[in-house]
Amino acid sequence: MTSHIPGAAPARSRPFLVWLLPVLWTLALGLWGLSRQDSVWRDEAATWQVAGRSTGEIWAMLGNVDAVHGLYYLFMHGLFEVFGAGTTTLRLPSVLAVAVAAACVALIGNRLSGPATGLGAGLALGLLPAVQFHLQEGRPYALVAAGSGLSTLLLVSLVGGGSGRPGRRTWPRWTAYGLLVLVCALLNWLSLLALPAHALTLWWVRAGRGVWLRWAAAGACAVAGALPLILFSRGQSDQVSWIPPLTWHMLIGPGILLAIGALGAWSDRPARGRLSVAAVGLPLLVAPQLALIGLSLVQPLFLDRYVLFGMLGLALLIGASLGAGARALAPRLPRASTVLVPAVAGVAVLALLPVELGKRAPASRVDDVLAVAGEVGRLGRAGDAVLFVPAARRDTALVSPGAFRDLTDVALAESPAASATLKGEEADPSRIRAALLERRRVLLVTDAAPVARPPGAERDRTKTAVLREYFTVVEDHQVRGRRVTLYERRT
């Protein structure tokens with residue numbers, strides 16, 4: 001294999017193993033504890049209950065809520081139709097996606113700096129705590145990371161391969177680049193923040209005019225394709241109204257990541273005009289973080305999962321540090337240099353074992369909708385009423401309908417599917433009050449005390465007021481972030 005990259009390291013041997021080992025490594029990490037003790041938290045419950053609807057019902061819902069995740073929901077609907085609903089179907093796409101992303105950073109590192117860098121980057125990605133969380137998450141962020149990894153790999157091949165040379169047929173790869181950026185944007189349009197990172201890479205390597213024009217055309221087409229979704233989803237901005245304003249303590253994590261990235265970039269010491277690991281990884285880590293911070297000054301949006309793909313840059317920079325260490329050892333300790341990367345990976349697994357075990361435990365998420373469904377099934381009797389405060393906690397009935405089959409949701413006027421919403425439409429407070437007063441036993445499903453908030457909606461205040469005035473608590477159980485309380489009517 002011959003490298004065509006100006007200033008890059010010479011020919012690399014066995015590139016197949018450089019990406020295959022990280023793929024297998026990441027798959028092993030992802031499949032380890034995949035069910036999380038049969039737990040599903042509220043964000044994944046949204047995926048589960050929407051994916052279980054028909055295509056028409058999903059399309060109707062997107063007109064009212066969650067349009068930003070529309071492509072992902074349709075994709076998961078197809079998987080649920082073929083493989084059935086379950087935690088494996090819910091989370092396996094994320095495991096496979098991170099494995100693809102690990103292969104991409106391994107190939108980039110190998111191409112630009114050698115097999116030690118590539119192998120180190122590929123093995124490091126799956127061990128990063130933020131990636132560990134989303135490695136087993138039924139949400140679209142791992143898929144975005146995979147798409148960003150593929151688009152970055154294409155960019156490296158185009159810039160390093162001299163895509164500005166006359167006669168080179170590069171338009172298929174530029175087209176693929178634009179399509180990948182577009183697909184990522186349709187999964188989560190904040191993934192477009194990868195484009196400034198790629199622009200910084202082009203600026204660093206002093207890309208020619210032809211490269212700039214092709215990149216700008218591909219990026220502009222991707223932005224144009226995603227623009228209708230961006231504009232439409234802005235009308236549903238209430239979905240992110242719960243995100244808190246940016247504070248200094250929220251910047252501690254990004255600051256630490258940037259410091260680690262700077263150390264990795266120093267070990268690579270890129271020369272201006274040379275395509276290097278640092279020239280690719282540092283912008284990919286820094287630019288999306290800073291851009292999201294800037295956007296959050298206008299509207300609070302700062303959640304690390306929105307820029308999870310930036311962790312690919314951090315993995316590349318860690319790989320660069322390991323590669324530099326291996327090259328330093330090679331002249332005097334050649335055998336030690338060959339085992340440096342696997343040895344460091346093994347030590348990292350042991351050092352991060354508490355984190356790894358924690359991410360695979362139900363307590364790593366704010367709640368568990370399946371556990372609370374089990375409590376409802378144990379406490380409920382045929383004919384009992386059930387209430388949800390807030391109404392979004394109805395997700396436990398949507399994911400586990402069997403536990404609620406014999407109960408009556410007295411507040412619900414129109415089901416989530418029929419109303420094209422996530423939580424359904426509830427009756428007005430007076431009707432809820434009247435329906436409750438006709439019942440002898442009521443089960444209340446709400447948040448556990450540490451995460452519960454005072455009832456905000458008038459309907460929720462009516463529910464709690466009627467229960468407090470006319471009913472007595474018989475049993476009260478808190479389980480994995482949620483609470484089930486059984487009330488009986490006072491005689």
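For the pair Trp248 and Phe16, label points projected 7 Å from Cα toward Cβ lie 5.6 nm apart. Seen from Pro129, the other residues with C-beta closer than 14 Å to its C-beta sum to a net charge of 0, counting Lys and Arg as +1 and Asp and Glu as -1. Normalising the average separation of contacting C-alpha pairs (under 8 angstrom, six or more residues apart) by the number of residues puts the relative contact order of the chain at 17 percent.
For Leu357 and Ala452 in one chain, what is 0.36 nm times their gap in residues minus the Cα-Cα distance, to one decimal in nm? Show your work: numbers first, answer last.
Numbers: separation 95, 0.36 × 95 = 34.20 nm, distance 2.61 nm.
Working it through step by step, the gained length comes to 31.6 nm.
About its Cα centre, the dipole of the chain is roughly 1720 debye, where the only charges are +1 on Lys and Arg Cβ and -1 on Asp and Glu Cβ. Distance between the modelled labels on Leu290 and Leu213, one decimal in nanometres: 2.9 nm (7 Å Cα→Cβ projection). Placing pseudo-labels 7 Å out from each Cα toward the beta carbon at Leu31 and Ser54 gives an inter-label distance of 3.7 nm.
Note on the chain: with neighbouring protein chains present and a 1.4 Å probe, carbon and sulfur make up 65 percent of its accessible heavy-atom surface. Taking 0.36 nm per residue of separation and subtracting the Cα-Cα distance, full extension of the segment from Arg489 to Thr175 would add 106.4 nm. For the chain, the alpha-carbon radius of gyration amounts to 1.10 times the rule-of-thumb value 2.2 N^0.38 Å expected for a compact globular protein.
Accessible area per residue of the chain at 1.4 Å probe, in Å²?
Averaged over the residues of the chain, the accessible area is 43 Å².
Take every Cα pair under 8 Å in region 44-145 that's 6+ residues apart, average their separations, divide by the length, and report that relative contact order as a whole percent.
30 percent.
What order do Asp43, Asp476, Asp368 take when sorted by accessible area (1.4 Å probe), most exposed first?
Values: Asp43 40, Asp476 65, Asp368 0 Å².
Largest to smallest exposure gives the sequence Asp476, Asp43, Asp368.
Annotation: for a label point projected 7 angstrom from Cα along Cα→Cβ of Ala85, residues of region 366-385 with backbone N closer than 12 Å are 370.
Between the Cα long axis of helix 115-125 and the first principal axis of the chain there is an angle of about 10°, rounded to the nearest 10.
The values are calculated or read from the model by the stated rules, or taken from the named source; none is laboratory data. In this text, all values refer to a predicted model and were calculated from it rather than measured experimentally. No Cβ is skipped: glycine too gets one built from the backbone with ideal geometry, and neighbour counts run over all protein chains shown. In case anyone asks, the SASA skips ligands and DNA or RNA and just uses the protein heavy atoms, side chains included. Shrake-Rupley method; radii C 1.70, N 1.55, O 1.52, S 1.80 Å.
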